[in-house]
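Chemist: Take this structure first; my questions come after.
The values are calculated or read from the model by the stated rules, or taken from the named source; none is laboratory data. All of these numbers come straight from a predicted model, not from anything done at the bench. Neighbour counts are summed over all protein chains in view; Cβ atoms, including those assigned to glycine, are modelled from backbone coordinates with ideal geometry.
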Amino acid sequence: MSHLRAERLTLAAGRRRLLEAVSVDLAPGALVGLIGPNGAGKSTLLRCLAGLLRPDSGAVTLDGTTLADLPPRERGRHIGYLPQSFHPAWDYTVQEVVELGASRQPGAALKIPDLLQDHGLLSLAARRWSQVSGGERARALLAATLVAEPSVLLADEPGASLDIGHRIDLMRRLREWARRSIVVVVLHDIERAALDCDRLLLLEQGHIVRDSAAAAVARSPDLDRVFGLRFERGSLSQSADAFLTLERRS
């Protein structure tokens, strides 16, 4: 079973601290959501966990090996990173984008036909990247990330351009993947984060304020304070609370 661990990550940009002594342990079996206001450090933490950013101090280890010591190709075999957007240098077809993802893992290309069908991409396979919508690109990127079957999947706001039906399907897929792999996802939709995730990390100004079961974070007054909002808690799910924003704090 894989184990991804961040120990006291600190990262600055000029005088601004993006992360401040952040530590987190991650293992398969739970869908983990990163939530917090803009500038809290969610995407920065995710990129550090992926090995795409090197912290000023602290380290990220995968199964005891520091990510900085892993060759990029080896890191790519184990860690799938799903960015908010993808702008290729060439106007690839949807299938070629998925093939790029498959190139990270020997034998993964054999799964592409079934994967395209499973993700509803068969009719889009021959279309150029410039000819598909943002939502279609998001689905193709997910397929390109999953085709290599990474033991760690890190997704940065993957549902931002999806309609509600595809967003629910996306979260269902991530939950299924989290049963056997480490899955961490940045989310701005607090209600979906509380309903769909098993564990939530609430970030504020580069710090982890709360790291608990989703329902516990949902009930915490820290949620209201960090977002500067008042949330009305409901009981639509046994596993988490639902939210309705009432008013912004003065």
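Chemist: For the stretch 101-126, what are the residues that are assigned to a loop (DSSP other than H, G, I, E, B) and not small (G, A, S)?
Modeler: Those that are assigned to a loop (DSSP other than H, G, I, E, B) and not small (G, A, S): R104, Q105, P106, H119, L121.
Chemist: On to the next question. Could you please find all residues in the stretch 87-137 being in contact with an Asp or Glu (Cβ under 7 Å, 6 or more places away or on another chain), modelled with pLDDT of 90 or more and within 19 Å of S161 (Cα to Cα)?
Modeler: L124, R128, W129, S130
Chemist: Within the stretch 161-240, which strands (runs of 3 or more DSSP E) (wholly inside it) include 1 or more residues that are within 14 Å of the chain's Cα centre (by Cα), surrounded by 15 or more Cβ atoms within 10 Å (Cβ to Cβ) and in contact (Cβ under 8 Å) with a residue 24 or more places away in the chain?
Modeler: Qualifying strands (runs of 3 or more DSSP E): 182-186, 199-204.
Chemist: Could you check, for the stretch 30-44, whether at least one of its residues is in contact with a Ser or Thr (Cβ under 8 Å, 6 or more places away or on another chain) and under 15 Å from V183 (Cβ atoms)?
Modeler: No: the stretch 30-44 contains no residue that is in contact with a Ser or Thr (Cβ under 8 Å, 6 or more places away or on another chain) and under 15 Å from V183 (Cβ atoms).
Chemist: For E136, state whether it is part of a helix (DSSP H, G or I), under 29 Å from L67 (Cβ atoms) and not aromatic (F, W, Y).
Modeler: So E136 fails the test.
Chemist: Then there's this: Among the acidic types (D, E), touching a residue at least 12 places away in the same chain (Cβ under 8 Å), touching a His at 6+ places or on another chain (Cβ under 9 Å) and surrounded by 15 or more Cβ atoms within 10 Å (Cβ to Cβ): is that true of E157 in this structure?
Modeler: In short, yes.
Chemist: Any residue at all in the stretch 115-138 that's within 17 Å of L46 (Cβ to Cβ) and either in contact with a Gly (Cβ under 7 Å, 6 or more places away or on another chain) or crowded, with 19+ Cβ neighbours inside 10 Å (or both)?
Modeler: yes
Chemist: Looking at (1) more than 28 Å from S133 (Cβ to Cβ); (2) under 18 Å from the mean Cα position of the chain (by Cα); (3) at pLDDT below 95, which is the one condition that is false for P72?
Modeler: For P72, the exception is condition (2).
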